[in-house]
Amino acid sequence: MAESVPWLVVGLGNPGPRYAANRHNVGFMAAESLADLFSPPPSWSERFKGWSAAAREGPLRAVLLRPLTFMNRSGASVSAAAGFFQTPPAQIVVLHDEIDFPFGRLAVKAGGGHGGHNGLRDIIQALGSRDFVRVRVGVGRPLHGEVADYVLSDFSPEERAELPDLVDRARRAALCVMTDGVVTAMNRFNS
């Protein structure tokens, strides 16, 4: 019997210590944390222009991916992994920061546009499809100043206190999409 096609779960962010605690890197944080929900946790290796980890739990197969191409070029990494595993867009889950949501709000969405998010824009272009699932993680919008400066800044001390819960909900939402389906995940996690 042939192996099933694995899910591809992508956490968006920018590589390197300079960006590690940025709002833009909440997708990286969630994807890295998702690995801990598998037993045993998978190990990460550099592949597909990113860090990837092959995870398995019972019948569930997933490849976790954190692109190292920088946010605006995430599509090269995602399309390389999706092409290798023959994962269709409907089995790709992208965890990303969402400035149109206040900090702490989370929502699962199937398909749609990029909403001005350059990482999503590049993935849509590279895949030639919008039909992937998104876990939108609210980071808020700046009251003043440039959006780019805001998302490339670190979470505030108040936000950092709440961040572990937000990252936990994001990783559990991604897991729910894979195990129970996108509609169930939307009903359970969209607030």
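The values are calculated or read from the model by the stated rules, or taken from the named source; none is laboratory data. This structure is a prediction, so every number in the text was calculated from the model and none was measured. All Cβ positions, glycine included, derive from the backbone under ideal geometry; neighbour counts span all protein chains shown.
With respect to P40, determine if the residue is modelled with pLDDT under 95 and either out of contact with any Phe, Trp or Tyr (no Cβ under 8 Å at 6 or more places or on another chain) or crowded, with 18+ Cβ neighbours inside 10 Å (or both). It is true that P40 is modelled with pLDDT under 95 and either out of contact with any Phe, Trp or Tyr (no Cβ under 8 Å at 6 or more places or on another chain) or crowded, with 18+ Cβ neighbours inside 10 Å (or both).
For region 1-28, the set of residues classified as closer than 12 Å to P67 by Cα and part of a helix (DSSP H, G or I) consists of N25, G27, F28, listed by residue number.
If the condition is being in contact with a helix residue (DSSP H, G or I) (Cβ under 7 Å, 6 or more places away or on another chain), surrounded by 19 or more Cβ atoms within 10 Å (Cβ to Cβ) and in a loop (DSSP other than H, G, I, E, B), then region 119-167 contributes F132, V139, F155. If only residues of region 67-78 that are of a type outside the set (G, A, S) and in contact with a Leu (Cβ under 8 Å, 6 or more places away or on another chain) are counted, the one that is surrounded by the most Cβ atoms within 10 Å (Cβ to Cβ) is P67.
Give A35, A107 a once-over and let me know the one that is among the aliphatic types (A, V, I, L, M), touching a strand residue (DSSP E or B) at 6+ places or on another chain (Cβ under 6 Å) and in a helix (DSSP H, G or I). Let's see the steps before the verdict.
Working: A107 fails: in a helix (DSSP H, G or I).
Exactly one residue qualifies, and that residue is A35.
Scanning region 45-88 for residues that are in contact (Cβ under 8 Å) with a residue 12 or more places away in the chain and part of a loop (DSSP other than H, G, I, E, B) turns up F48, K49, P59, L68, T69, F70, Q86, T87, P88. Evaluation of M178 against the conditions (1) surrounded by fewer than 21 Cβ atoms within 10 Å (Cβ to Cβ); (2) farther than 15 Å from G27 by Cβ; (3) out of contact with any Pro (no Cβ under 6 Å at 6 or more places or on another chain) shows that the sole unmet condition is (1).
Filtered by the rule that a residue be under 18 Å from the mean Cα position of the chain (by Cα) and among the aromatic types (F, W, Y), region 141-178 gives a lone residue, F155. Within region 116-129, residues that are touching a residue at least 40 places away in the same chain (Cβ under 8 Å) have Cβ atoms under 6 Å from residues that are among the β-branched types (V, I, T) in these pairs: I123/V78, counting only partners at least 6 apart in sequence or on another chain.
Candidates G83, G58: the one that is over 15 Å from the mean Cα position of the chain (by Cα), surrounded by fewer than 14 Cβ atoms within 10 Å (Cβ to Cβ), at pLDDT below 95 and not charged (D, E, K, R) is G58.
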